[in-house]
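The values are calculated or read from the model by the stated rules, or taken from the named source; none is laboratory data. Being a predicted model, the structure only gives us computed values, none of them experimental. Cβ placement follows ideal geometry from the backbone for every residue including glycine, while neighbour counts extend to all protein chains displayed. Heavy atoms of the whole protein, side chains included, go into the accessibility calculation; ligands, DNA and RNA do not. Shrake-Rupley method; radii C 1.70, N 1.55, O 1.52, S 1.80 Å.
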Amino acid sequence: MKSSISAKALNAVETPLLALIVAQGSMPSLDATLERAVASGDYKGKKDETLLVYGGGKAQRILLVGVGKGADITRSAVRRAVAIAAKRARGLGTKSFALAVTPEARGGLGAAELAQVAIEGVAQGRWQFLELKKQPEDPKPDLESVELVVEGSDKDEAEAGRRIGDAIAAGYVYTRNLQMQPGNIATPSHLGDLARKLGQAHGFTVTVLDKAQIKKEGMGALLAVAQGSAEEPRFIVLEYEGGTGAPVVLIGKGVTFDSGGISIKPAANMEDMKFDKSGATAVLGTFEVIGRLKPKVNVVGLIPATENLPSGTAVKPGDVVKSHYGKTIEIINTDAEGRLILCDALSYARRFKPAAVIDAATLTGAVVIALGHHAIGMLGNDEALPAEVRDAGERAGERCWPLPLWDEYRDLLKSDVADVKNSGGRAAGTIAGAWFLREFVDGFPWVHLDIAGTAYLESEGASHAKGPTAIGVRMFTEFLLKRAGA
């Protein structure tokens, strides 16, 4: 998608569609047809409320999108309203549209912030996945470009925000498209190939360990999960050197399809388990953003990638495996596999002497019970880092909610035969999963993000399509840009 910034009067914008983001109780005086529709009382500018009119000016259509009351306007509110506008534009079959946020609808956002979240919102609203479908004989045009109309004094600052928004949009779309790829396409080796392509495109150092190299490295937990599948695992390392000092390490769970293994999942909705790679796709998408923005910070991405399938060679409940860290693990439930591959990644991260480590994983169904589909479960071993991550999530519109890691929860993971077991039962499932990971965190600040409730959505909403959300890309980017001083 192409984006541009222009500074002109709204009645001078020539476009198939002019989308205006408006605050409740404040309407622009722009077009007679629009003014009559508003005067009728049919439109008030409430959150998510829309009104489409066909005007007589240079804009063929005018779309009003309500962002709500002025006091409630945030970055997330503007992003959502723009996403609604882009989604409607896509539905109308227009290739391009112009977008403006009225002064009352800015909510105090500066021009750079406004442009950034507007471009992010367009990417969110215009997204659709048609790659694997037969193309119709008369396809509807794709939404290809957006012109963001701003005040003349805001143009330079808005251009800086547009650049950031463009990069985040590219990573966001990259991630959503990869999330949607089924398990027979997005295999562990495919993720490795994509990482190499990212490295070639942006100048990263990329290392992809195959099964033999993983075995030599001593990643017994990752190998245990992979041993039931004909597809070999991969361990992917991306290294970006943009600054000085210790790197930030991002770890993403890369289970490309999760059947549950011997502890097999119910058949209903098992096809959604292609989304169990969502942590990995978020890391790859973030590196797409990094490659475009080149922030002044060092970043390492780690992706343990595997399938989790049942077979005669699959790991069994009761088996004991040795992790990369050296601790032994009793396998209680083979469907608690994400923590097994992540623990080897957390151990591997020690060699980078990281300033901070953040992992993202669709780890537990329990987090959905606790927080629904509106917040990421967040746990960690440090006081300052979770606050920093949570702040980044607020800016990104990817909210996190902290859960405790009190010492008492460690008892859930005591094993009679090994150093630790991989499941503590149903009680406090999200906390037990994080406590297991904490057993392998040594010498660095760490935050775990359980994105099982937010990685994909089972229904369509006003501002988004059904399916993947690319959760983590915007938050990781906000975190890294803040660390880089951008």
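Considering only segment 97-104, I want to know if a residue exists there that is aromatic (Phe, Trp, Tyr) and open to solvent by less than 10 Å² (accessible area, probe 1.4 Å). For segment 97-104, residues aromatic (Phe, Trp, Tyr) and open to solvent by less than 10 Å² (accessible area, probe 1.4 Å): present.
The single residue among ILE332, ILE358 that is over 17 Å from SER423 (Cβ atoms) and of a type in the set (Val, Ile, Thr) turns out to be ILE358. In segment 106-115, the residue that is nearest to LEU148 (Cα to Cα) out of those that are out of contact with any Asp or Glu (no Cβ under 6 Å at 6 or more places or on another chain) and at pLDDT 95 or above is ALA115.
Give me the residue from segment 450-486 that is within 14 Å of the chain's Cα centre (by Cα) and of a type in the set (Gly, Ala, Ser) and, out of that set, nearest to PRO247 (Cα to Cα). Across segment 450-486, the extreme among qualifying residues is GLY472.
Filtering ARG410, ARG390 for residues that are open to solvent by 20 Å² or more (accessible area, probe 1.4 Å), basic (Lys, Arg), closer than 30 Å to LYS316 by Cα and outside any loop (DSSP other than H, G, I, E, B) leaves a single hit, ARG410.
Within segment 124-151, the residues that satisfy the criterion of being within 13 Å of SER96 (Cα to Cα), of a type in the set (A, V, I, L, M) and not in a loop (DSSP other than H, G, I, E, B) are VAL146, LEU148. For segment 45-76, the set of residues classified as at negative phi, among the small types (Gly, Ala, Ser) and open to solvent by less than 20 Å² (accessible area, probe 1.4 Å) consists of ALA59, GLY66, listed by residue number.
Cβ-Cβ distances below 7 Å connect the following pairs, each with a first residue in segment 257-274 that is within 19 Å of LEU340 (Cβ to Cβ), a second residue that is open to solvent by 80 Å² or more (accessible area, probe 1.4 Å), and a separation of six or more residues or different chains: ILE262/LYS316. Taking segment 194-239 only, how many residues are assigned to a helix (DSSP H, G or I), farther than 26 Å from VAL321 by Cβ, touching a Leu at 6+ places or on another chain (Cβ under 9 Å) and not aliphatic (A, V, I, L, M)? Summing the residues that are assigned to a helix (DSSP H, G or I), farther than 26 Å from VAL321 by Cβ, touching a Leu at 6+ places or on another chain (Cβ under 9 Å) and not aliphatic (A, V, I, L, M) in segment 194-239 gives 1. Can you name the condition, by its number, that ARG88 falls short on among (1) in contact (Cβ under 8 Å) with a residue 24 or more places away in the chain; (2) open to solvent by less than 20 Å² (accessible area, probe 1.4 Å); (3) under 17 Å from SER463 (Cα atoms)? Among (1) in contact (Cβ under 8 Å) with a residue 24 or more places away in the chain; (2) open to solvent by less than 20 Å² (accessible area, probe 1.4 Å); (3) under 17 Å from SER463 (Cα atoms), the lone unmet condition for ARG88 is (2). Tell me whether segment 177-185 contains one or more residues that are farther than 23 Å from PHE287 by Cα and crowded, with 18+ Cβ neighbours inside 10 Å. Scanning segment 177-185 turns up no residue that is farther than 23 Å from PHE287 by Cα and crowded, with 18+ Cβ neighbours inside 10 Å. Restricting segment 240-293 to residues that are crowded, with 20+ Cβ neighbours inside 10 Å, charged (D, E, K, R) and touching a strand residue (DSSP E or B) at 6+ places or on another chain (Cβ under 8 Å), the residue that is farthest from LEU223 (Cα to Cα) is LYS274. When we screen GLY429, GLY425 for residues that are without any contact (Cβ under 8 Å) to a residue 24 or more places away in the chain and either surrounded by fewer than 24 Cβ atoms within 10 Å (Cβ to Cβ) or of a type in the set (Val, Ile, Thr) (or both), the only hit is GLY425.
Within segment 300-339, if we keep just the residues that are among the basic types (Lys, Arg) and outside any strand (DSSP E or B), the residue that is least open to solvent (accessible area, probe 1.4 Å) turns out to be ARG339. For residues that are among the charged types (D, E, K, R) and open to solvent by less than 60 Å² (accessible area, probe 1.4 Å), scanning just segment 393-407, find the one that is farthest from the chain's Cα centre (by Cα). Looking at residues that are among the charged types (D, E, K, R) and open to solvent by less than 60 Å² (accessible area, probe 1.4 Å), I get ARG395. With respect to (1) under 23 Å from THR256 (Cα atoms); (2) open to solvent by 20 Å² or more (accessible area, probe 1.4 Å); (3) at pLDDT 95 or above, the lone exception for LEU457 is condition (3). As a summary of the residue check, ARG126 satisfies the conditions (1) surrounded by fewer than 21 Cβ atoms within 10 Å (Cβ to Cβ); (2) within 19 Å of LYS87 (Cα to Cα); (3) of a type in the set (Lys, Arg); (4) under 23 Å from the mean Cα position of the chain (by Cα) except for the one numbered (1). Annotation note: of ARG438, ARG483, the sole residue that is under 23 Å from VAL321 (Cβ atoms) and buried (at least 18 other Cβ atoms within 10 Å of the Cβ) is ARG438. The numbered conditions (1) part of a loop (DSSP other than H, G, I, E, B); (2) buried (at least 22 other Cβ atoms within 10 Å of the Cβ); (3) of a type in the set (A, V, I, L, M, F, W, C) are all true for LEU191 except (1). In the set (1) in a loop (DSSP other than H, G, I, E, B); (2) among the charged types (D, E, K, R); (3) at pLDDT 95 or above; (4) closer than 30 Å to GLN116 by Cα, the condition left unmet by ASP442 is number (4). Restricting attention to segment 28-73, the residues being hydrophobic (A, V, I, L, M, F, W, C) and at pLDDT 85 or above number 11.
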